[in-house]
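The values are calculated or read from the model by the stated rules, or taken from the named source; none is laboratory data. Keep in mind that what you see is a predicted model, and the values were worked out from it rather than measured. All Cβ positions, even for glycine, are placed from backbone atoms using ideal geometry, and neighbour counts span all protein chains on display.
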Amino acid sequence: MKARILLALRILVSLAFLGLLVWFFRKDLPDILAVLKNTNPFFFGIAVILNVSAIAVISMRLKKIFAVQGLHLRLGEAVYLTFIGNFFNNFLPTSVGGDLVKAYYATKKSARKLESFSAVFFDRFFGFLSIGLLAFLGILFLNRHIKDTKLLWGSALFSAVVLLAFIFFLNKRLTKRLFTRLLDLPVFREGSKLRKLYNALNTYKEHKIIIAQLIGISLLAQMIAVLAMYLIIRSLSQEMSFLTLFLIIPLVSVASMMPSINGLGVREGAFVYFLKEFISRESAVAVSILYLAIILITSLIGGILYLFSGKLYKHSLKG
């Protein structure tokens, strides 16, 4: 019953936002269709390739994170898990639902379930961190040129929260003080699942070099994604600062995590809200539609890979 209510809620949210977009831009629909009709296929095609490449780069991050826990994925397996996670995002609440699927399928390769779930958790954590760093870079280079204060302060707030969370994660004394009393509780006794999960999460703090590598990989993936979005905008013959997207994409990413069908409606509304300050209204809507098309393409790839999932689990992970 609860699952049905959550499903109905996310469908309602997506439909509500899509309905609002159609209502607000109902008079612009002919212009929007005209803009889409004139999309440059070369730029759009490159944007699709870049987006798929960004997913492949993220898979490298997942592989390294699993290795810290002593779970050795082949790169092909990591790519597979990342793509099917994107596929299942379309059916689970919010855009992080696919992470649960990745963790589930990873546990089918290893009996070490807590380590698998902690690895997927940190994969998402470093994804958040890279988005926060992206926003920080945008603020650093664009703070004097941003007219929309909501864009500036929204990016600054998100960047600050993410960076503080990362600093807290690396600070052993601070985390020890916070968790000292919690670890004395019966549920955190030695050998318990919560204690094992806590220990698994703490494992990453001892690998500073790998953390630096993970940050670099995450930023590379974000840069590729920003470039893909820039090419989508260029495919519509619109001009916009590449660096401005450093601010817009993080905020759109946060908005898309609202309960919905993989961010559907919410993401498009956020794109339109921020982009219309820099490009024409109809082009802003067209960009959101083209970005949705790329998401559907990558989801389709994940769905196709999922059909052949049986081959992935013939060999166990080395633990």
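Residue-by-condition table, conditions (1) of a type outside the set (Lys, Arg); (2) within 17 Å of ILE294 (Cα to Cα); (3) at pLDDT below 85:
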| position | (1), (2), (3) |
| --- | --- |
| ASN51 | yes, yes, no |
| ILE55 | yes, yes, no |
| LYS64 | no, no, no |
| VAL79 | yes, no, no |
| PHE83 | yes, yes, no |
| ASN86 | yes, yes, yes |
| ASN89 | yes, yes, yes |
| PRO93 | yes, no, yes |
| ASP99 | yes, no, yes |
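Residues are listed down the side, and each one gets a yes or a no for (1) touching a Gly at 6+ places or on another chain (Cβ under 8 Å); (2) among the hydrophobic types (A, V, I, L, M, F, W, C); (3) surrounded by fewer than 18 Cβ atoms within 10 Å (Cβ to Cβ):
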position: LEU231; (1), (2), (3): no, yes, no
position: PRO250; (1), (2), (3): yes, no, no
position: SER253; (1), (2), (3): no, no, no
position: MET258; (1), (2), (3): no, yes, no
position: ARG267; (1), (2), (3): no, no, no
position: LEU290; (1), (2), (3): no, yes, no
position: ALA293; (1), (2), (3): no, yes, yes
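Give the number of residues within the range 68-86 that are touching a residue at least 12 places away in the same chain (Cβ under 8 Å), surrounded by fewer than 20 Cβ atoms within 10 Å (Cβ to Cβ) and among the small types (Gly, Ala, Ser). Summing the residues that are touching a residue at least 12 places away in the same chain (Cβ under 8 Å), surrounded by fewer than 20 Cβ atoms within 10 Å (Cβ to Cβ) and among the small types (Gly, Ala, Ser) in the range 68-86 gives 1. The residue that is modelled with the lowest pLDDT, among those in the range 239-248 that are in contact with a Leu (Cβ under 9 Å, 6 or more places away or on another chain) and surrounded by fewer than 22 Cβ atoms within 10 Å (Cβ to Cβ), is LEU243.
Working only within the range 240-257, note down all residues that are outside any helix (DSSP H, G or I), without any contact (Cβ under 8 Å) to a residue 40 or more places away in the chain and more than 12 Å from LEU137 (Cβ to Cβ). Write out each step before concluding.
So in the range 240-257, the residues outside any helix (DSSP H, G or I) come out as 240-244, 256-257.
Among the residues that remain, those that are also without any contact (Cβ under 8 Å) to a residue 40 or more places away in the chain are: 240, 242.
MET240, the sole residue that qualifies.
Checked against (1) among the hydroxyl-bearing types (Ser, Thr, Tyr); (2) out of contact with any Lys or Arg (no Cβ under 8 Å at 6 or more places or on another chain); (3) modelled with pLDDT of 80 or more, TYR104 passes all but a single condition, namely (3).
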